[in-house]
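Scroll down for the structure; my scribbles are underneath it.
Nothing in this text is a laboratory measurement; each read-out follows from the coordinates by a stated rule. In this text, all values refer to a predicted model and were calculated from it rather than measured experimentally. Counting neighbours? That spans all protein chains shown, and the Cβs are built from the backbone with ideal geometry, glycine included.
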Amino acid sequence: MEEIFYSPQEVADFLKIKKTTVYDMIKRGSLPAVKMGKQFRISQSDLQQYIKKDTVDVKTPEFAEYGSQELKITGDYQKYVVSGQDIVLDMLCSAVNSILGSPRFLRSYEGSYNGLLSLYHEEAQIASTHLWDINTDTYNIPFVKAMLPGEQVSIYRILERDVFIYVQKGNPKSIKGIEDFAREDITIVNRERGSGMRVLLDSLLTQKEIPYDLVKGYQRISNSHLAAASIIARGGADCTLGTAAATYQFQNIDRIFLRQEQYDLVIRKSEERKPEIQCFLQVLSSKSFQEEVEAMGLYNTERMGLRLL
């Protein structure tokens, strides 16, 4: 059978890493390649062998950029599922995959509650969460202790971020707070059960003794910040809850500050000792990654990477 060859860009797309990382792998000799004219080509058999191999030598330029020590990662080609919806998680997984030279960290876009359930059932290895506990006025730790009973886990801060009420441009209905969600002339769009925003809204309504059935649109569900923002922008509802990031893609939305929330990572201690996870945590706590996230102007990253539990 005739051998199939791939360009460095095709390999980069397949492994979900940067093309420069592929060239570095070729230069180091960890990924065999042949020159055809002026271009490198990688055979399908060599690529498959690279994916199956037992040793990954973490020594890319990106690794030095994040201030980490060299790691020698051995063992089976294990995948790590990271749950959560914030774009910062996409950035983090991309950075770590680039360092490792392979797509070991995969994304699951489950909400906070379902992410913790997936962690408990070992369907995810890292869960992100931003669940407000009404009884203690704190985030995440009470839910982690309740949903992972007896489990030995660590919690790391990702960032703090502001939560807003999304309203239509100019706030034509003069919405000021959660109390307005019960007005007869107001229709909301809600988030899915288990999301941090749904838990926050339900808790705030309970705190203010507002029955759910008085809130028009309470049963209308949107499964992401972006989808909820889109509904508000096109006039499909009057308000919803969300973070700032989603609103920058729409011109017809204003925001009313509600509160700041804590967004954290939960990892089993047994997983935490693995070199790949150590690489993940080193990137999270690095000054370089913190500055990359800070440049977006949407988050407070002062405690990024801090171990909370």
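Report D for segment 161-261 in µm² per second (integer): Stokes-Einstein, Kirkwood Rh on Cα pairs, 4 °C, 1.567 mPa s.
98
The trypsin sites (Lys or Arg not before Pro) of segment 118-164 include none that meets both criteria, a DSSP state outside H, G, I, E and B (loop) and at most 13 other C-beta atoms within 10 angstrom of the site's C-beta.
Placing a label point 7 Å from the Cα of residue 185 along the Cα-to-Cβ direction, the residues of segment 211-243 whose backbone N falls under 15 Å from that point are 238-239. Treating each Cα of segment 1-52 as an identical point scatterer and ignoring solvent, apply the Debye formula and state log10 I(q)/I(0) at q = 0.18, 0.20, 0.23 Å⁻¹. Each listed q maps to, in turn, -0.50, -0.62, -0.83. With the cut-off at under 15 Å, measuring from each backbone N in segment 281-309 to a point 7 Å along the Cα-to-Cβ line of residue 138 picks out 307-309. Model label points for residue 206 and residue 259, set 7 angstrom from Cα along the Cα-to-Cβ axis, are 1.2 nm apart.
Extension gain for the segment residue 9 to residue 219, taken as residue separation times 0.36 nm less the Cα-Cα distance, is 71.1 nm to one decimal.
Loop-located chymotrypsin sites (Phe, Trp or Tyr not before Pro) across segment 101-136 with a Cβ neighbour count of 15 or fewer within 10 Å are 109, with loop assigned by DSSP. Packing, taken as the mean count of other beta carbons within 10 Å per residue, orders the peptides 278-289, 133-144 from highest to lowest as 278-289, 133-144. Normalised Debye scattering of the chain at q = 0.07, 0.11, 0.12, 0.15 Å⁻¹ gives log10 I(q)/I(0) of -0.34, -0.75, -0.85, -1.14, counting only Cα atoms as equal scatterers and leaving out solvent. Cross-linked pairs 79/145; 176/208; 173/216; 18/269: Cα-Cα separations exceed 22 Å for 79/145; 18/269. Which residues' amide hydrogens lie under 5 Å from the amide hydrogen of residue 169, considering only partners 5 or more residues apart or on another chain, with H built in the peptide plane? Answer set, sorted by chain and number: 253, 254.
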